[in-house]
Amino acid sequence: MPTATKKLAYYYKDGQYYEVTADLAGGGVVETTWSDLKALRDGGNLTPGAFYRITDYQCTTVSSNASSAGHQFDVIVLALETNKLAEEAWAAHHAGDTYFANSKLEAWRIWYSLDNDTTKYGWADSSSGKGVIYRMIDEFDNDLPYDFKNILFSRTGKYTNSYTFGYTENETIKDASLIGTKCSDNVMKPYFSMDAARLNFNVFYSSNSESNWFNNFLGKNCGYNTFSYGCNHNVFEEVCQNNIFGNGCRYNIIKESLSMTNFGAGCSYNTFGCSCDSIYFGTNCRFNIFEGENSEIVLGNNCSGNLFGYKTFYITNVGNYCSDNTFGNNCTEVALGTNCCYNEFGDYCRCVSFGDSSATVNYCQYNVVESGCKNLYITSSDTTASSSNQLQNVRIHAGVQGTDSSNRRTITIPDRNLAYSTDYYANGSQTVVLDD
């Protein structure tokens, strides 16, 4: 709690600002109820520079799939004028409360509106609310745009009545934000819909006692994202919605507009440009870069170091352990076989496919497809080849194409009499050129 020697705020009166100091723990504060304080404010009867302690504040919400846990604390506000309260306020322990017994409410900072204005705050209760907290920073520097110590969220199939940082212990959902070693330095900016701030339904949830959420940043209009335990140091700049993060996802950077994306456990150090959606990651996918409008991409486990260019979409079945692929502009419906690596696709490629899941050789590497290629398909049909052999350094010239996506130019291993010997595999200088 701020003390008599601590500068609390400034208030404006008669053309100048005055420094405010007081002992909010006692003596210098007028205790009141929400309704009495509202009557004083509305009647222009506040005392400028005086502190008012609201002793019956209780979080409420009318939002669907959200409720309040009902944990009480008092709200202390400063009168700036006879009819105006400062909205930056303080919290204090409520008489008889034990829930926050180990919390340092004196270190909290809260922004509180006395009015239950539904045009500004979509969760406000205009009939029985006791004001709205629209920003709260706790002693562990968790900074969220609502009373996250009380608001509970429910989503079908994911969680029921979970705190923003919720974990289950002894079959009860608890709030990890009460424990600094489990949860700290997470920041969320407001989520708006129809010009009003709304509850964002960003939930960090663990079905067991493991949690550990630190240094995550969710910018403006990020909502309905779900994080499992151990998700740390992720940055969402803005408009990221309906994404799911598995356990231990760390250091992912989303610049703008990531949606409907699933991250498997351990997916880390991935970077997204703008307007990416419907991407599926297996486990441990790392260091992938998505530049621009990528969508409907499926990456298998352990895919790492891939660069997906502007407007690359409809890429599916990127197999396990793929790494360092570069996809140029407008690549669509690309299906890479297992362990294809170091491939480069030029502009305007479409329906390109490498490898065949039914064949024994699915390890094509160092392939280059230049601009203008369409409907290309490379496959292996040799059933006797060893899975340790690889076809390398295949370069496809521009103009190799079929008539449409259902009539692809098919280049099979027997067509070109390509060897599978270890000598050929070891000879990195050999290149197959198709110039027809």
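The values are calculated or read from the model by the stated rules, or taken from the named source; none is laboratory data. What you are looking at is a predicted structure, and each value in this text was computed from that prediction instead of being measured. Please note: Cβ atoms are built from the backbone with ideal geometry, for glycine as well, and neighbour counts cover all protein chains shown.
Looking at K149, K174, K130, just one residue is buried (at least 16 other Cβ atoms within 10 Å of the Cβ), in a loop (DSSP other than H, G, I, E, B) and outside the structural domain of E88 (by TED's automatic domain parsing), and that residue is K149.
Of the residues making up the range 177-187, those that are surrounded by fewer than 18 Cβ atoms within 10 Å (Cβ to Cβ) and either in a strand (DSSP E or B) or in contact with an Asp or Glu (Cβ under 7 Å, 6 or more places away or on another chain) (or both) are D185, V187. Given the conditions (1) more than 24 Å from L85 (Cα to Cα); (2) in contact with a Cys (Cβ under 9 Å, 6 or more places away or on another chain); (3) crowded, with 24+ Cβ neighbours inside 10 Å, which single one is not true for F140? For F140, the failing item is (3). Go through the range 227-254 and give me each residue that's of a type in the set (V, I, T) and either buried (at least 21 other Cβ atoms within 10 Å of the Cβ) or over 23 Å from T283 (Cβ atoms) (or both). Once the filter is applied, which keeps residues that are of a type in the set (V, I, T) and either buried (at least 21 other Cβ atoms within 10 Å of the Cβ) or over 23 Å from T283 (Cβ atoms) (or both), the range 227-254 yields V239, I254. Scanning the range 268-303 for residues that are surrounded by 20 or more Cβ atoms within 10 Å (Cβ to Cβ), hydrophobic (A, V, I, L, M, F, W, C) and over 17 Å from N242 (Cα atoms) turns up C285, F290, L299, C303.
Counting the residues of the range 48-104 that are free of Cβ contacts under 8 Å to residues at least 60 places away in the same chain, more than 21 Å from I151 (Cα to Cα) and of a type in the set (D, E) gives 0. Against the conditions (1) surrounded by fewer than 16 Cβ atoms within 10 Å (Cβ to Cβ); (2) in contact with a helix residue (DSSP H, G or I) (Cβ under 7 Å, 6 or more places away or on another chain), D195 satisfies every one except (2).
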